[in-house]
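Undergrad: Pasting a structure here, questions to come.
Throughout, read-outs are computed from the coordinates displayed, never taken from laboratory work. Predicted, not measured: the structure shown is a model, and the values here were computed from it. Please note: Cβ atoms are built from the backbone with ideal geometry, for glycine as well, and neighbour counts cover all protein chains shown.
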Amino acid sequence: MKSLMFDGRVVLVTGAGGGLGREYALAFGERGAAVIVNDLGGDIKGGGRSSAAADGVVEEIRARGGKALANYDSVEDGEKLIQAALDAFGRIDVVINNAGILRDRSFGRTSDLDWDLIHRVHLRGAFQVTRAAWEHMKKQKFGRIIMTSSAAGIYGNFGQANYSAAKLGLLGLANTLAIEGQKYNIHCNTIAPTAGSRLTQTVMPPDLVESLKAEYVAPLVLWLCHGDCQENGALFEVGAGWIGKLRWERSLGRTVRHNNHNMTPEAVRDAWNEICDFTDATKPANIQDSLQTLVEVLSRVDTEDRIKVNPTSAAGRMNPSDAVGRSLAEMSFTYTHMNTILYALGVGMSTKDPHHLKFLYEGHEDFSCLPTFGVIPAQSSMMGLSSVPGLDINLTRLLHGEQHLELFKPLPTSGTLTSKATVADVLDKGSGMIVLLEVHTYSGHELLCYNQFSVFIVGAGGFGGKRTSEKAVATVPPPNRPPDAVIVDQTSKDQAALYRLSGDWNPLHIDPSFAAMGGFKSPILHGLCSFGFAARHVLKQYADNDVSRFKSIKVRFVKPVYPGQSLQTEMWKEGNRIHIQCKVKETGGVVLSGAYVDLHAVTDSSVSRGPPETDELQSDLVFAEIRRRIRDVGAELVKKVNAVFGWEITKDGSTVRQWTIDLKSGGGDLHRGEYKGKTDVTFTVADDVFMDVVQGKIDPQKAFFSGKLKVRGNIMLSQKLEVILKDYAKL
Ligand code: NAI
């Protein structure tokens with residue numbers, strides 16, 4: 001990798017006569033920049049002045065072959081500093097606002113002068129210098145600015161009220177400059193350094209002053225000021241060779257106001273624990289994120305109003321939790337090899353890689369459908385959520401939070417699939433509602449795959465529902481070691497334009513004005529597209545692109561990706577589980593987190609046998625008993641029942657066993673697996689619920705109405721279940 005150089009750049013470092021500033025000036029000088037070494041040369045409290053400090057550093061730079069000029073003005077005269085740069089070198093590219101003094105006093109003893117001097121040097125000084133440079137940077141469409149804050153500002157520190165206030169003021173200034181400068185390629189970042197210097201030698205033991213060298217801070221400043229660095233508006237703590245980034249975190253909070261009621265301090269008191277609860281906290285990154293919550297609260301409280309005015313409305317009567325167990329209309333999806341290939345192109349496959357050909361060419365002897373295509377037949381169910389009674393979902397507020405996909409067989413490269421979606425759970429997260437939507441996709445009667453969509457409906461929380469669900473497939477953090485493998489793939493500028501042809505037509509991914517309304521600088525890539533990239537990276541790295549090895553995937557969508565950016569998939573192998581984390585390479589921002597792909601072991605042939613084997617199920621016993629009974633009195637049962645029953649027994653949301661009870665012909669039959677013809681009725685039920693029904697703990701009708709027992713086909717035949725299942729309560 002090439003070294004970071006600053007040839008042709010003009011850098012101003014204020015307060016560069018000693019301490020941290022001197023270190024920055026030397027480092028920039030060494031790497032080719034022309035440096036203005038500014039220092040008033042006063043004492044630590046802001047008294048006196050001298051040219052010696054700045055001159056000394058300029059001599060050092062020149063002695064090492066660098067270009068430098070001394071300036072002795074106070075930062076309060078910002079114009080003069082910038083003029084010096086322009087006069088000597090013709091431009092100004094980088095401004096490091098570093099000059100500083102201390103006037104520590106406990107708050108009660110802080111004089112006006114203590115307050116004002118600190119603010120004049122730190123905050124007003126940085127303002128004056130930066131404003132003088134601003135128009136020049138705008139014109140040349142390049143600028144890098146550093147503000148120097150302090151841990152005292154971020155966290156507070158005894159005796160530094162004046163200093164803390166000014167130092168956090170600098171962060172506020174930087175946050176706004178980052179926004180105003182962005183489109184001119186002017187980036188402004190803030191550091192909170194810790195280093196031994198004359199400012200810290202009064203408060204730190206000498207050993208520490210000695211060890212915390214200023215040279216451990218300078219490399220961060222240089223990187224942030226380089227043209228290659230795209231960081232903007234960020235805050236870093238830095239010292240001792242360690243660098244960390246800070247951000248805001250906000251609890252989900254709680255709305256304590258209700259329609260037509262006064263907001264009271266008592267309501268605030270009573271909701272205090274929730275207001276302060278950081279479980280599932282969000283990390284607002286900009287003022288839009290912040291304001292959006294308020295707009296949503298306003299509109300929600302307003303909606304409550306309308307519900308009240310119209311007490312007969314369905315939404316007014318129903319609680320979102322009542323939607324649990326509801327099924328959406330069955331969806332049919334027909335596709336040909338064209339859709340399979342289009343999807344592969346959509347997730348970045350290319351003929352440039354010869355191994356990709358089997359996903360791109362229908363004439364290939366091993367033509368295959370990518371496993372993550374399994375989300376495609378199921379995805380429209382997310383939009384179908386708006387029609388579920390009780391949920392009352394506004395689709396513009398829907399965020400796709402997490403995705404789990406499990407395959408029971410490799411997907412065919414063409415065919416007609418049916419998908420059945422059910423609301424598995426509804427969670428109340430305060431600021432929003434999470435809907436867990438599960439979708440089973442079949443080819444005929446054969447279950448091909450299971451999807452669990454986790455969608456967040458911003459602003460729809462606060463209905464008193466539960467906060468967590470045992471049904472949710474959890475994300476898992478990667479192991480705490482560097483990744484075992486990394487694959488980087490650049491998305492194309494048209495990646496979203498291509499991916500949407502696989503069926504997600506949301507204009508957010510193509511229409512610039514629509515994206516702008518959503519607060520994005522341009523249309524963003526589909527989360528499920530990055531998901532497809534990551535999954536095929538794992539398939540390539542650990543499964544030799546063999547789709548039959550793919551078992552399941554789980555991801556959390558963290559941040560958007562812009563088409564054209566590079567996706568970097570980091571992978572950790574732990575047995576048959578490959579943990580993944582996906583980042584945008586250019587920014588380092590994580591886009592998929594807590595993610596993993598589970599693979600079948602090389603020798604595991606269960607994929608071709610349908611749903612994976614599971615340990616003994618409780619329901620196995622019951623079916624064994626039914627088999628015995630059919631053997632004894634099968635013919636009699638056939639007469640009474642005359643139907644074929646299919647069973648899908650689930651565990652943790654996935655079908656793990658299929659049974660067919662054929663009581664239509666001969667002496668009846670029970671066998672494991674699906675029926676070759678058409679069943680009259682098929683039941684889907686969890687293993688434990690099945691046992692509760694059999695043992696009479698739950699009435700089958702109740703299980704049906706609560707969504708725990710799903711029935712497809714001739715529902716009237718369920719009544720005959722009793723004939724088959726009775727007398728098993730003793731089991
Ligand atoms: P330092 O005292 O060695 O350097 C500050 C320099 O600023 C001095 O050379 C001083 O002459 C100059 N200066 C003061 N007023 C000026 C003015 N009006 N115009 C031009 N120059 C002026 O201190 P250090 O530690 O290197 O501090 C650098 C910056 O880092 C300061 O802003 C300080 O508040 C900040 N900081 C330092 C920490 C540390 O651990 N050293 C901790 C947190 C923040």
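Undergrad: Past the 31 Å Cα-Cα mark, which pairs from Lys141/Lys585; Lys358/Lys521; Lys559/Lys702; Lys183/Lys585?
TA: Beyond 31 Å between Cα atoms: Lys358/Lys521; Lys559/Lys702.
Undergrad: So what's the stretch 73-221 giving for Rg/Rh, alpha carbon basis, Kirkwood Rh from the mean inverse pair distance?
TA: Values: Rg = 16.1 Å, Rh = 16.2 Å.
Here the Rg-to-Rh quotient is 0.99.
Undergrad: With the cut-off at 19 Å, report for the stretch 36-102 the share of all Cα pairs above it, as a whole percent. Don't jump to the answer; show the numbers that get you there.
TA: Values: 722 of 2211 pairs.
Every Cα pair in the stretch 36-102 considered, those over 19 Å come to 33 percent.
Undergrad: I need the semi-axes of the equivalent ellipsoid of the stretch 1-151: take the C-alpha gyration tensor, multiply each eigenvalue by 5, square-root it, list largest first in whole angstrom. Walk me through the numbers before you get to the answer.
TA: Details: eigenvalues 144, 58, 37 Å².
In descending order, the three semi-axes are 27, 17, 14 Å.
Undergrad: Rank these for me by crowding, Thr422, Thr14, Thr176, going from fewest to most other beta carbons within 10 Å. Present the calculation step by step, with values, prior to reporting the outcome.
TA: On the way: Thr422 20, Thr14 29, Thr176 12.
Least crowded to most crowded, the residues run Thr176, Thr422, Thr14.
Undergrad: List the residues whose amide H sits under 5 Å from the amide H of Gly461, counting only those 5 or more places along or on another chain, with H placed 1.01 Å from N in the peptide plane.
TA: Gly432, Met433
Undergrad: Oh, and also: For the pair Arg467/Glu274, report the inter-label distance in nm, with labels modelled 7 Å from Cα in the Cβ direction.
TA: 1.0
Undergrad: Next question. Can you give the extra length, in nm with one decimal, that the chain gains between Ser706 and Glu636 once fully stretched, where that is 0.36 nm per residue apart less the Cα-Cα distance? Walk me through the numbers before you get to the answer.
TA: On the way: separation 70, 0.36 × 70 = 25.20 nm, distance 3.27 nm.
Once the chain is fully extended between Ser706 and Glu636, it gains 21.9 nm.
Undergrad: Tally Lys/Arg at +1 and Asp/Glu at -1 over every other residue whose Cβ is under 9 Å from the Cβ of Ala195; what's the total? Mind showing how you got there, number by number?
TA: Numbers: positive: Lys213; negative: Glu23, Glu215.
Charge balance near Ala195 sits at -1.
Undergrad: Tyr184 versus Phe520, label points 7 Å from Cα toward the beta carbon: distance in nm?
TA: The modelled label-to-label distance comes out at 2.9 nm.
Undergrad: Over the alpha-carbon set of the stretch 143-189, work out the extent along each principal axis and list the three values in angstrom, largest first.
TA: Each principal axis gives a Cα extent; for the stretch 143-189 these are 40, 13, 13 Å.
Undergrad: Is there a quick way to get the dipole size of the chain? I mean about its Cα centre, with the Cβ of Lys and Arg at +1 and of Asp and Glu at -1; what is the value in debye to the nearest 20?
TA: On the way: 82 positive and 82 negative charges, 146 e Å.
For the chain, the charge dipole is close to 700 debye.
Undergrad: Can you run the Rg to Rh ratio on the stretch 156-293? Use alpha carbon positions and the Kirkwood inverse-distance Rh.
TA: Numbers: Rg = 20.0 Å, Rh = 18.4 Å.
Value, to two decimals: 1.09.
Undergrad: What are the extents of the Cα atoms of the stretch 201-264 along their three principal axes, listed from largest to smallest and rounded to whole Å?
TA: 63, 37, 15
Undergrad: Residues of the stretch 162-204 with amide nitrogen under 15 Å from the 7 Å Cα-to-Cβ point of Phe107?
TA: Label zone hits: 162-166.
Undergrad: Take the chain, drop everything but the C-alpha atoms, weight them equally and run the Debye formula without solvent; then report log10 I(q)/I(0) at 0.07, 0.11 Å⁻¹ to two decimals.
TA: -0.65, -1.19
Undergrad: What is the ratio of the Cα radius of gyration of the stretch 518-609 to 2.2 N^0.38 Å, with N the residue count, to two decimals? Spell out each step's value before the answer.
TA: Details: Rg = 14.3 Å, N = 92, 2.2 N^0.38 = 12.3 Å.
Taking N as the residue count of the stretch 518-609, the ratio is 1.17.
Undergrad: So, counting K/R as plus one and D/E as minus one, what does the shell of residues with Cβ under 14 Å around Lys80 add up to?
TA: Numbers: positive: Arg49, Arg131; negative: Asp39, Asp73, Glu76, Asp77, Glu79, Asp87.
So the surrounding residues net to -4.
Undergrad: Now, a different point. Along the charge dipole of the chain, pointing to its positive end and built from +1/-1 on Cβ of Lys, Arg, Asp and Glu, which listed residue (Leu501, Ala534, Cys582) has its Cα farthest out?
TA: Value: Leu501.
Undergrad: Follow-up. Compute from the Cα atoms of the stretch 424-467 the Rg and the Dmax, the latter being the longest Cα-Cα distance, and quote both in angstrom.
TA: When restricted to the Cα atoms of the stretch 424-467, Rg and Dmax are 13.8, 41 Å.
Undergrad: Taking H as built 1.01 Å from N, whose amide H comes closer than 5 Å to the amide H of Ile243, not counting residues under 5 places away?
TA: none
Undergrad: Still on this structure: Quick one: if you take sqrt(5λ) for each eigenvalue of the C-alpha gyration tensor of the stretch 472-565, what semi-axes come out, biggest first, whole angstrom? Don't jump to the answer; show the numbers that get you there.
TA: On the way: eigenvalues 147, 48, 37 Å².
So the equivalent ellipsoid measures 27, 15, 14 Å along its semi-axes.
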